[in-house]
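Asks: Mind having a look at this structure? Questions to follow.
The values are calculated or read from the model by the stated rules, or taken from the named source; none is laboratory data. All figures in this text were calculated on a predicted structure; none of them were measured in a lab. Every residue, glycine among them, receives a Cβ derived from its backbone with ideal geometry; neighbour counts consider all protein chains shown. Side chains included, ligands, DNA and RNA excluded: accessible areas come from the protein's heavy atoms. Shrake-Rupley method; radii C 1.70, N 1.55, O 1.52, S 1.80 Å.
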Amino acid sequence: MITVHDLHKHFGGFHAVDGASLSIRPGSITGLIGPNGAGKTTLFNVIAGVLPPTSGRVTMDGEDVTGLPPHTLFHKGLLRTFQIAHEFGSMTCRENLMMVPGNQSGETLWNTWFGRKRIADEERALRAKADEVLEFLTISQIADLKAAEISGGQKKLLELGRTMMVDAKIVFLDEVGAGVNRTLLYTIAEAIKRLNEERGYTFVVIEHDMDFIGRICDPVICMAEGKVLAEGTLDEIKANEHVIEAYLGTGLKNKETA
Ligand SMILES: Nc1ncnc2c1ncn2[C@@H]1O[C@H](COP(=O)(O)OP(=O)(O)OP(=O)(O)O)[C@@H](O)[C@H]1O
Ligand SMILES: [Mg+2]
């Protein structure tokens, strides 16, 4: 579904992504792991059009999508989650969901004057959709709360919910479980699994929590120093000597800086 061919992303002389190649199978939940600074987020940002690559190629369903802007990729069904921005904190959780699908007719002056009925219909449909999403994620109780007031874990679920307001094909999740308690992490994992099974979403998931990865991801791809080190099941990855070496290196570094 997505292929990445010999991708490079340099920041000055620093090679954050250094010749990464990989492919994402349609219908999979692919895990992307690797020590801090491996280049995982940078790789996501290049694939999602947030950053232009230095060189290399990204294709989606066979089409070259290298360097296309995020909104173009969004319309092709490629989404990545973003943290709920501060300015949306004063809106309710339901409103945060309702504003995701762009190009609503309420946005143009013409429609403001001549399309009141249509706007009302669309708003009703959006509201129903948002409520359905909240129910799917088992967080209906936060519908009328301001987004700034909900817990970190609920924000993560709301982020996931935003990807459900449009017809996503492939969703990139960057550390969606970070700072979340076990129970919520489990809820997030279940929501991802259900979206994958029931709605056919393909996922690529960056996460440091190996229980989370092991529970939902197959295959798992491990990156280090901008390169893909290995791909396989989590057990295969854990047994891979290059992977062990890469994690050992940062493990020691972490101890020194701690
Ligand atoms: N805009 C930037 N300018 C300069 N260097 C950057 C920039 N963005 C990332 N880097 C560097 O590129 C390297 C890869 O960063 P990246 O955030 O992609 O790693 P990561 O695998 O997501 O790490 P983590 O697991 O800690 O999130 C890091 O050394 C980082 O400091
Ligand atoms: Mg990162």
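Asks: How large is the convex hull of the C-alpha atoms of the chain per residue, in Å³?
Replies: Expressed per residue, the convex hull around the Cα atoms of the chain is 150 Å³.
Asks: Listed here are the pairs K76/K238; K129/K227; K76/K156; K40/K156; K117/K156; K117/K155; which of them are more than 30 Å apart at the Cα?
Replies: K76/K238; K129/K227; K117/K156; K117/K155
Asks: So for the chain, averaging the separation of alpha carbon pairs under 8 Å that are six or more residues apart and normalising by length, what relative contact order in percent results?
Replies: Relative contact order here is 27 percent.
Asks: Going toward the positive end of the dipole of the chain, with +1 on Lys and Arg Cβ and -1 on Asp and Glu Cβ, which of I139, T54, I244 do you reach last?
Replies: I139
Asks: While we're here: Excluding ligands, DNA and RNA, what is the solvent-accessible area per residue of the chain at a probe of 1.4 Å, expressed in Å²?
Replies: Details: 13050 Å² over 258 residues.
With the other protein chains kept in place, the chain gives 51 Å² per residue.
Asks: Could you give the size of the charge dipole of the chain about its Cα centre, using +1 on the Cβ of each K and R and -1 on the Cβ of each D and E, expressed in debye and rounded to the nearest 20? Walk me through the numbers before you get to the answer.
Replies: Values: 27 positive and 34 negative charges, 110 e Å.
Roughly 520 debye for the chain.
Asks: Now, a different point. Can you pull the percent of the chain's accessible area that's carbon plus sulfur, 1.4 Å probe, other chains left in place?
Replies: On the chain, the fraction of accessible area on carbon and sulfur atoms equals 53 percent.
Asks: To continue, here is another question. Please give the contour-minus-distance gain from E123 to F14: 0.36 nm per residue of separation, less the Cα-Cα distance, rounded to one decimal in nm.
Replies: My answer for the length gained is 34.5 nm.
Asks: Report, to the nearest 10°, how far helix 116-136 tilts away from the longest principal axis of the Cα atoms in the chain, using its own Cα long axis and a range of 0 to 90°.
Replies: 40
Asks: Taking the Cα atoms only, what angle lies between the long axis of helix 241-257 and the longest principal axis of the chain, rounded to 10 degrees?
Replies: Tilt of helix 241-257: around 80 degrees.
Asks: Just add up the charged neighbours of G19: K/R +1, D/E -1, any other residue whose Cβ is under 13 Å from the Cβ of G19.
Replies: 0
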